[in-house]
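Have a look at the structure below before the remarks.
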Amino acid sequence: MIDFKKDLNKEQYKVVVQGDGPCLVLAGAGSGKTRTITFRVAYLLEQGISPDNILLVTFTNKAAREMMSRVQELTGGKIKLPWSGTFHHVGYRILRRYAPLLGYKNNFTILDSEDSRDLLKICLKLEGVNRKQRRFPSAKVIQSIISYARNAEISIHDVLELKHPKWIDLSDTIARIAEEYSKRKKQANAMDFDDLLVNLYLLLIKSERVRKKYSEQFEYVLVDEYQDTNKIQASIIKLFASYHKNLLVVGDDAQSIYSFRAANIQNILDFERTYPNAHVYRLETNYRSTPDILDLANNIIAGNKNQYEKNLKSILGAFTKPEVQAFADSQEEAEFVAERILELRDEGVELNKIAVLFRAAFHSQALEMELAKRDIPYDYRGGIRFFERAHIKDVLAYLKIINNIEDAIAWSRVLNMQVGIGPATAQKIIQDVRSGTGLGMITNSLPARAIIGWNDFLSIWKELEKEKEKKPTDLIRAILKSKYVEYLEAEHPDYRERIQDIEQLALFAERASDLNRFLAEASLQESYASSQVGDITEFDDEKIVLSTIHQAKGLEWEAVFVINLAAGQFPNERSRIEDGLEEERRLFYVAVTRAKKYLHITYPIVGGITSYLQGPSLFLEELDNDLVSGSSLGESTAFLDPSDDVDDIVYEPMDEGGLRTSFLKGIDEL
């Protein structure tokens with residue numbers, strides 16, 4: 001027998017033994033969410049509920065395995081939970097049995113992402129789209145548009161308006177492609193991942209018999225990470241719980257950060273409206289962080305109006321206040337972070353218990369360079385190391401042929417991006433270039449299908465040739481003004497983030513004295529990143545973690561650095577336009593609550609591609625200064641006039657607590 005009262009705190013115990021009916025469990029960061037759910041399942045089993053009558057839905061296979069492992073541990077390994085898994089797993093099991101009711105056979109195929117893109121390429125051809133002759137969204141981009149539309153339950157037109165406004169005029173064409181894609185999946189007796197949810201919902205709506213069977217079978221329905229559900233998932237859960245009405249959802253609205261995946265925070269905020277007799281429980285005892293860190297976290301999230309109020313409380317003793325530091329630029333910020341990491345290591349904190357978190361991938365570039373210089377190994381989460389990213393390599397390829405027009409490898413990469421230019425034509429162009437044929441003359445020898453792509457290249461080349469001094473930073477900015485940006489948007493769903501990466505590359509290039517040296521430095525950085533991956537994969541305990549905040553959710557470290565908390569960077573400018581400020585604040589909250597003992601928040605005063613004085617983030621200005629130590633928090637400054645001499649500008653953020661930071665660029669006073 002499990003001693004529930006002894007093994008749980010009062011908040012958790014109440015949920016475990018009183019969780020009948022519709023229940024919303026607001027589980028603050030580090031409050032033992034998984035423990036509470038698994039003990040609730042164990043309690044139900046102990047009360048005589050059959051495992052077949054319990055549905056436990058999670059978002060990842062890893063979470064499902066962890067919960068099942070804990071349940072088996074609690075029950076002595078005797079009981080398995082047959083209906084435990086992800087939404088997609090549950091959907092697959094039911095659809096495998098009832099697919100004929102929707103016009104599929106029972107042995108339908110599941111398309112993975114690559115299969116889906118291959119089918120979409122066929123649909124593009126059937127629509128008469130030839131991407132070799134004209135620029136058009138890639139199958140990967142169209143896949144993301146269709147997927148978002150289905151999960152958010154909005155139209156293709158609305159998705160384009162939100163994510164790709166330049167393509168509004170293509171909405172009818174893309175809608176036809178989506179329709180053809182759907183039809184061909186059905187003909188092939190195949191479903192993609194989105195179908196597993198959409199078709200499950202349709203099945204439950206259309207078939208009263210199926211809906212009755214499962215709503216009666218699932219006497220208790222439990223859902224993890226409810227704040228991350230989309231509209232369809234919430235509707236499915238409501239139907240499953242429609243008979244017994246024993247629905248327990250666990251989540252934290254303060255950690256809802258996935259709207260870009262169509263997650264809908266209103267599912268958790270409107271829970272009491274959807275289920276009028278719902279009980280609301282709060283798990284506010286935090287087992288992870290010091291009270292100093294939690295006081296700051298509570299202060300941060302208080303800025304949000306649309307939320308369930310919670311007040312996290314620590315079981316630990318006071319340790320040290322979180323620190324906020326301002327630096328002249330991203331290089332100085334990176335130097336501080338690297339130095340402090342080494343100090344923490346010397347103080348006994350293992351490297352794998354240290355993480356550096358950031359809002360966007362491009363924020364890590366300066367730090368990656370500094371870590372490389374100091375031989376501090378790191379593991380990059382949430383993406384690819386800066387100089388290994390495809391778009392960075394694209395830009396470097398353009399610069400390489402400016403620097404060395406006979407670089408056949410760089411030419412191959414550049415030409416591969418152009419419409420209508422295949423491998424054979426690319427090799428012919430490279431031979432002509434190496435034989436001294438002028439670029440303008442090459443057009444005459446090209447097949448008709450390749451001329452559009454070659455002209456696109458020439459338009460980019462002309463932008464580059466305008467930069468007479470061939471400064472690397474100016475050349476990169478010229479590429480950002482060229483048709484290459486159209487290529488990015490057509491090929492990649494995350495084109496905005498890729499543009500930010502390239503802007504960061506331009507900043508990095510400002511330090512280079514000439515193009516040749518810059519390319520050499522970039523190559524050395526790329527070589528370092530590749531060799532590091534091979535050299536230290538077996539020594540995870542010797543690597544710090546660099547991660548986007550989105551990828552860090554659910555994880556924890558002894559020491560956490562949150563970098564680039566600068567105006568215009570975090571929150572990003574787009575969040576103000578798209579009414580996403582509260583989600584950005586939740587993202588900051590998630591970052592802070594990853595830290596157990598040490599928390600450093602930093603920002604560069606000078607930043608951006610035009611090197612303007614940006615000042616601290618709005619979120620830092622909102623903080624109670626008594627909760628942090630270090631540099632003062634001040635007001636953002638305006639953009640610099642290009643004619644201003646940055647060396648003569650003094651930045652003095654105001655500080656009610658008596659701390660004042662004076663900044664004179666080039667002098668080590670901060």
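The values are calculated or read from the model by the stated rules, or taken from the named source; none is laboratory data. None of these values were measured; they are calculated from a predicted model. Reconstructed Cβ throughout: ideal geometry from the backbone, glycine too, with neighbour counts over all protein chains shown. Remember, those area values only see protein heavy atoms, side chains included, never the ligands or the DNA or RNA. Shrake-Rupley method; radii C 1.70, N 1.55, O 1.52, S 1.80 Å.
Out of the residues in region 188-202 that are aliphatic (A, V, I, L, M) and surrounded by fewer than 17 Cβ atoms within 10 Å (Cβ to Cβ), state the one that is nearest to Leu101 (Cα to Cα).
Checking each candidate, the answer is Leu202.
Does region 190-204 contain any residue that is modelled with pLDDT under 95, over 27 Å from the mean Cα position of the chain (by Cα) and either aromatic (Phe, Trp, Tyr) or farther than 30 Å from Leu24 by Cβ (or both)? Checked against the condition, which is being modelled with pLDDT under 95, over 27 Å from the mean Cα position of the chain (by Cα) and either aromatic (Phe, Trp, Tyr) or farther than 30 Å from Leu24 by Cβ (or both), region 190-204 yields at least one hit.
When region 259-272 is filtered for residues that are open to solvent by 20 Å² or more (accessible area, probe 1.4 Å) and at pLDDT 90 or above, the ones remaining, listed by number, are Asn264, Ile265, Gln266, Asn267, Leu269, Asp270, Glu272. A Cβ distance below 8 Å, combined with a sequence gap of six or more or placement on separate chains, defines the contacts here; from region 1-22, residues that are more than 19 Å from Gly48 (Cβ to Cβ) reach residues that are among the β-branched types (Val, Ile, Thr) and open to solvent by 20 Å² or more (accessible area, probe 1.4 Å) in the pairs Asn9/Thr285; Glu11/Thr285.
The residue pairs whose first member lies in region 217-232 and is more than 16 Å from Arg35 (Cα to Cα), whose second member is among the acidic types (Asp, Glu) and open to solvent by less than 10 Å² (accessible area, probe 1.4 Å), and whose beta carbons are closer than 7 Å, counting only pairs six or more residues apart or on different chains, are Gln227/Asp252; Gln227/Asp253. Scanning region 235-266 for residues that are under 13 Å from Phe59 (Cβ atoms), assigned to a helix (DSSP H, G or I) and touching a helix residue (DSSP H, G or I) at 6+ places or on another chain (Cβ under 8 Å) gives Gln255, Arg261. When Arg93, Arg117, Arg135, Arg97 are checked against the criterion of being farther than 17 Å from Lys185 by Cβ and either at pLDDT below 90 or outside any helix (DSSP H, G or I) (or both), Arg135 stands alone in meeting it.
Look at (1) at pLDDT 90 or above; (2) open to solvent by 20 Å² or more (accessible area, probe 1.4 Å); (3) under 24 Å from Phe87 (Cα atoms) and you find that Leu111 fails only one, number (1).
Conditions (1) open to solvent by less than 10 Å² (accessible area, probe 1.4 Å); (2) closer than 20 Å to Leu464 by Cα; (3) of a type outside the set (A, V, I, L, M), marked per residue:
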| site | (1), (2), (3) |
| --- | --- |
| Gln365 | yes, no, yes |
| Ala372 | no, no, no |
| Ile376 | yes, no, no |
| Phe386 | yes, no, yes |
| Ile405 | no, yes, no |
| Val414 | yes, yes, no |
| Thr425 | no, no, yes |
| Asp432 | no, no, yes |
| Ser435 | no, no, yes |
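Asn352 meets all of the listed conditions (1) within 16 Å of Asn564 (Cβ to Cβ); (2) among the polar types (S, T, N, Q); (3) open to solvent by 20 Å² or more (accessible area, probe 1.4 Å) but one, namely (1). For Gly420, the conditions (1) surrounded by fewer than 22 Cβ atoms within 10 Å (Cβ to Cβ); (2) assigned to a helix (DSSP H, G or I) are fulfilled apart from (2).
Can you name the residue in region 79-94 that is among the β-branched types (Val, Ile, Thr) and under 17 Å from Thr60 (Cβ atoms) and is also surrounded by the fewest Cβ atoms within 10 Å (Cβ to Cβ) among such residues?
Step by step, filter region 79-94, then rank; the result is Thr86.
Listed residues Arg449, Arg381; which is touching a strand residue (DSSP E or B) at 6+ places or on another chain (Cβ under 9 Å) and open to solvent by 10 Å² or more (accessible area, probe 1.4 Å)? Criteria check complete, one pass: Arg381.
Of Leu102, Leu55, Leu26, which residue is modelled with pLDDT of 90 or more, closer than 24 Å to Leu283 by Cα and more than 25 Å from the chain's Cα centre (by Cα)? Matching residue, one of Leu102, Leu55, Leu26: Leu55. Filtered by the rule that a residue be closer than 25 Å to Val198 by Cβ and either of a type in the set (S, T, N, Q) or open to solvent by less than 30 Å² (accessible area, probe 1.4 Å) (or both), region 273-286 gives a lone residue, Thr274.
Just so you know, in region 482-499 the residues that are under 26 Å from the mean Cα position of the chain (by Cα) and assigned to a loop (DSSP other than H, G, I, E, B) include one that is surrounded by the fewest Cβ atoms within 10 Å (Cβ to Cβ), and it is Asp494.
Restricted to region 58-77, and to residues there that are over 28 Å from the mean Cα position of the chain (by Cα) and open to solvent by 80 Å² or more (accessible area, probe 1.4 Å), the residue that is farthest from Gly91 (Cα to Cα) is Glu73.
How many residues does region 543-565 contain that are more than 20 Å from Phe386 (Cα to Cα) and touching a strand residue (DSSP E or B) at 6+ places or on another chain (Cβ under 7 Å)? Write out each step before concluding.
We begin by selecting, within region 543-565, every residue more than 20 Å from Phe386 (Cα to Cα); these are 553-560.
Now drop any that are not touching a strand residue (DSSP E or B) at 6+ places or on another chain (Cβ under 7 Å), which leaves 556-560.
Adding up the residues that qualify gives 5.
Put simply, of Ile237, Ile205 the only residue that is in contact (Cβ under 8 Å) with a residue 12 or more places away in the chain, surrounded by fewer than 16 Cβ atoms within 10 Å (Cβ to Cβ) and of a type in the set (Val, Ile, Thr) is Ile205. Scanning region 305-332 for residues that are touching a helix residue (DSSP H, G or I) at 6+ places or on another chain (Cβ under 7 Å) and open to solvent by less than 10 Å² (accessible area, probe 1.4 Å) yields Leu312, Pro322, Val324. Of everything in region 239-262 that is over 16 Å from Val25 (Cα atoms) and not aromatic (Phe, Trp, Tyr), the residue that is farthest from the chain's Cα centre (by Cα) is His244. Go through the residues of region 378-391 one by one and say whether even a single one is basic (Lys, Arg) and modelled with pLDDT of 85 or more. For region 378-391, residues basic (Lys, Arg) and modelled with pLDDT of 85 or more: absent. Counting the residues of region 461-476 that are in contact (Cβ under 8 Å) with a residue 24 or more places away in the chain, of a type outside the set (D, E, K, R) and either in contact with a Gly (Cβ under 9 Å, 6 or more places away or on another chain) or surrounded by fewer than 21 Cβ atoms within 10 Å (Cβ to Cβ) (or both) gives 2. Taking region 149-187 as the range and being open to solvent by 30 Å² or more (accessible area, probe 1.4 Å) and either in contact with a Cys (Cβ under 8 Å, 6 or more places away or on another chain) or of a type in the set (Asp, Glu) (or both) as the test, the residues that pass are Glu153, Asp158, Glu161, Asp169, Asp172, Glu179, Glu180, Arg184.
So which residues in region 526-545 are open to solvent by less than 20 Å² (accessible area, probe 1.4 Å) and modelled with pLDDT under 85? Selection gives Ala529, Gln532.
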